[in-house]
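Visitor: The following block contains the structure, expressed as structure tokens.
Computed from the coordinates by the stated procedures, all read-outs in this text should not be read as laboratory data. Because the structure is predicted, anything quoted here is derived from the model rather than measured. Backbone-built Cβ (ideal geometry, glycine too); neighbour counts: all protein chains shown.
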Amino acid sequence: MRKLEHFPNLVTMFFTRARVKGDAPFLWAKRDGAWQATSWAEAARQVAALAAALGGLGLKRGDRVMLVSENRPEWCIADLAIMTAGLVTVPTYTTNTERDHAHILENSGARAVIVSTARLAKALMPAVMRSTACSHVIGIEPLRIGQSGDARFHDWAGLIAAHPTEVATAEAAADFTREDLACIIYTSGTGGAPRGVRQHHGAILHNVAGCTTVISEDFGWEDEVFLSFLPLSHAYEHTGGQHFPIGLGAQIYYSEGLEKLASNIEEVRPTIMVVVPRLFEVLRTRVLKAIDKQGRLSRYLLRRALAIGEKDYAGRMALADWPMELILRGTLKPKVGKRFGGRMKAMVSGGAPLNPEVGLFFHSLGITFLQGYGQTEAAPVISCNRPSAGIRMESVGPPLPDVEVQIAEDGEILVRGELVMHGYWRNEEETARVLKDGWLHTGDVGHIDDCGRIVITDRKKDIIVNDKGDNVAPQKVEGMLTLEPEILQAMVTGDRRPHLVGLIVPDPDWAKEWAAAQGIAYDAAALRTDPRFQKALMAAVDRVNTSLSVIEKVRRILIADDAFTIENEMLTPSLKIRRHAIRKVYGEGLDALYGR
């Protein structure tokens, strides 16, 4: 078993790996239709030069630098260069509005911004021009800005070319400690305005060491290949999809986006992927549709795979099941495995609860997934399922090494260790609320099972308390609803009410098929008011209701005008629903359901 060395900071970890890996490929991106690599040595050279350039702009240790970019090699190089210069990275989402950028610029006091493209600069520049602190804008690509205000503009390639620096010199200057601030990551704001989480070098390094232990002990640490898909501005991908691979000396491929993700997986053949539950649900739907098109035999094999997989998971697989299991291993499972590249060690799910039924589906098809748990305030990984500890779909596994977890009297999960943030940036009130005596109050409710695994029931603030005082976990109900083929997205509500009601986003493919079967033209707006369409959707809800307790059943539904998206601010960039934003639009309609 290999262990990760004890590094003083993230920069030293990177330069150490680069020195060993040399000209081996590190960062991959598709350009002109072909995957092209940046070597470890070239990345180190660019990091050293850009760090020197940032210092040359007059930025001082501790200054903040905002980073606005899609996932690409330059994102990683910029992040490492900012830290190498002793500065603090402030990652932001590419979907941020001008208002979001203005809030983060002003709150962080960032003195410089690195932005990748002219398109992303459109929402950014008005905020920069109004900023009281930001005086430098660096464009990875040409920006073509018509008016700059007080900010000075710089070209990425020009800055690097003008500041050639010995890598050893840059590495030697990186004398900061694990306690020093590495980045300020703003939460995605599921409950309101984003807050800046102060992540220190030691917090992320603690996560990297813990995740390395999981991979090393349970799978073997070899030449790993990651496919980076989630936004790097999210703490989960920033640690799990960037610094964790650096710690392993792995290669990182940057996905071309959701629409090309399936083909990217087959091309890249990753060994590890960091994903969110919503992606598993999308992939499950695609696998089901593909198998359905392959005919009766494939559908039969799928039914048998799911039945045997359920038995295997429960420890009840019989000798009589083995002939069919061997057939599945020679037919269906390799086909599914090929869709995931053919050498996937594990897909690691985090960021939101995973529906156990989805997990069992992939388990039955031979895809290993590890459900983890964490939050930005813990850098972000707190625990992870491990085969050696016994994977249970309802749990998120045991805590990482050197992480203390305890359950408060009201069921809240409390966490302590080096992974815990030092607080929120310029927000002492919120810091005092969530950090008490060194314990992070996660806001999540759960318990620890007999095997030491964390089981989460829900968010404290998301729990619905009905008019009788019963507690209902909405995420469980919503997860079950979205497994129905008719339903793309769902949100349930019912606080201080006699029962739950739901907001339903119909699956557009199903809706088109339904309209065709009825002999009517597909018109999404017209279908929402069609009693037959409403009845068909309610039938899907009622199928779910049969598996729910009385207090969890959804009695009435409202059909949403549009899907929840990042653009309409009803989804966070990590694809979690923003309940407060959805309530603003649909609250009146949902309340009206109780009057029927």
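Visitor: Give, in nm to one decimal, the length gained when the segment between Thr97 and Lys584 is fully stretched (0.36 nm per residue of separation minus the Cα-Cα distance).
Guide: 173.5 nm
Visitor: Right, something else. Between Met393 and Glu266, what is the label-point separation in nm under the 7 Å Cα-to-beta-carbon projection?
Guide: Result for the modelled spin labels: 2.8 nm.
Visitor: Turning to a different aspect of this structure: Taking a label point 7 Å from the Cα of Arg2 along the Cα→Cβ vector, which residues of the range 262-297 have an amide N closer than 15 Å to it?
Guide: Only 271-272 pass the distance filter.
Visitor: Would you be so kind as to identify which of Val477, Pro498, Ile559 lies farthest towards the positive end of the dipole of the range 465-595, taking Lys and Arg as +1 and Asp and Glu as -1 on Cβ and the Cα centre as origin?
Guide: So the residue furthest toward the plus end is Pro498.
Visitor: Hey, got the dipole for the chain? About the Cα centre, +1 on K and R Cβ, -1 on D and E Cβ, debye to the nearest 20?
Guide: 1220 debye
Visitor: By per-residue mean of other Cβ atoms within 10 Å, what is the highest-first order of 223-234, 556-567?
Guide: In descending order of packing, they fall as 223-234, 556-567.
Visitor: Treat the count of other C-beta atoms within 10 Å as a stand-in for reagent exposure and order Asp312, Asp23 from fewest to most.
Guide: Asp23, Asp312
Visitor: Does a label point 7 Å from the Cα of Ala408, set along Cα-to-beta-carbon, have any residues of the range 468-494 with amide nitrogen under 11 Å, and which are they?
Guide: Backbone N within reach: none found.
Visitor: So, one more: From the phi of every residue in the range 380-392, what ³J(HN,Hα) in whole Hz does the Karplus formula 6.51 cos²θ - 1.76 cosθ + 1.60 yield, where θ is phi - 60° and glycine or proline is x?
Guide: 3J(HN,Hα) across the range 380-392, in whole Hz: x, 7, 9, 8, 7, 5, 9, x, 5, 9, x, 7, 10.
Visitor: Also, quick follow-up: Report the charge-dipole magnitude of the range 465-595 in Debye, nearest 20, computed about the Cα centre from +1 at each Lys and Arg Cβ and -1 at each Asp and Glu Cβ.
Guide: 440 debye
Visitor: So for Ser549, Ser574, fewest C-beta neighbours within 10 Å to most, what's the order?
Guide: Ordered by Cβ neighbours within 10 Å, fewest first: Ser549, Ser574.
Visitor: Shifting gears a bit: Need one number: nm distance between label points at Ala525 and Leu306, each 7 Å from Cα along Cα→Cβ, rounded to one decimal.
Guide: Going from the Ala525 label point to the Leu306 one covers 3.7 nm.
Visitor: Another question, then. Go ahead and run the numbers for FRET between Arg556 and Arg119, Cβ-Cβ distance against an R0 of 45 Å, rounding to 0.05.
Guide: So the FRET efficiency works out to roughly 0.60.
Visitor: Would you mind checking the pairs Lys293/Lys338; Lys476/Lys584; Lys512/Lys553; Lys311/Lys335; Lys311/Lys333 and listing those with alpha carbons more than 20 angstrom apart?
Guide: Lys476/Lys584; Lys512/Lys553; Lys311/Lys335
Visitor: Right, another one. Could you work out how far apart the two model spin labels at Asp321 and Asp23 are, taking each label as a point 7 Å from the Cα in the direction of the beta carbon, and quote it in nm?
Guide: That separation, rounded to one decimal, is 5.2 nm.
Visitor: Here's something else I'd like to know. Please give the contour-minus-distance gain from Asp155 to Leu288: 0.36 nm per residue of separation, less the Cα-Cα distance, rounded to one decimal in nm.
Guide: 43.1 nm
Visitor: Right, another one. Quick one: net charge around Glu179, please, counting Lys, Arg +1 and Asp, Glu -1 for every other residue with C-beta under 12 Å from its C-beta.
Guide: 0
Visitor: Let me ask another. If you take every DSSP beta bridge fully contained in the range 465-595, what fraction is antiparallel? Give it as a percent rounded to 5.
Guide: Given both bridge residues lie in the range 465-595, the antiparallel proportion sits at roughly 60 percent.
Visitor: Then there's this: Of all the C-alpha pairs in the chain, what % are more than 48 Å from each other?
Guide: 13 percent
Visitor: Per 0.36 nm of contour for each residue apart, how much would the distance between Val465 and Glu357 grow if the chain were fully extended, relative to their Cα-Cα spacing?
Guide: Length gained, Val465 through Glu357: 36.3 nm.
Visitor: Under 19 Å Cα to Cα from Lys122, which aspartates and glutamates show up? Leave out anything in the same chain fewer than 8 places away.
Guide: Excluding near neighbours in sequence, the set is Glu70, Glu98, Asp100, Glu106, Glu141, Asp150, Asp155, Glu567, Glu569.
Visitor: May I pose another question? Please give the calculated 222 nm ellipticity per residue for the chain, where each DSSP H segment of at least 4 residues contributes -39500 (n - 2.57) and the sum is spread over every residue; nearest 500 deg cm²/dmol?
Guide: That comes out to -12000 deg cm²/dmol.
Visitor: Taking the Cβ of each residue in Trp510, Trp75 as the centre, tally the other Cβ atoms inside 10 Å and list the residues starting with the fewest.
Guide: Going from least to most buried by this count: Trp510, Trp75.
Visitor: Quick one: of the DSSP bridges fully inside the chain, what percent are antiparallel, nearest 5?
Guide: So the antiparallel bridges in the chain amount to around 50 percent.
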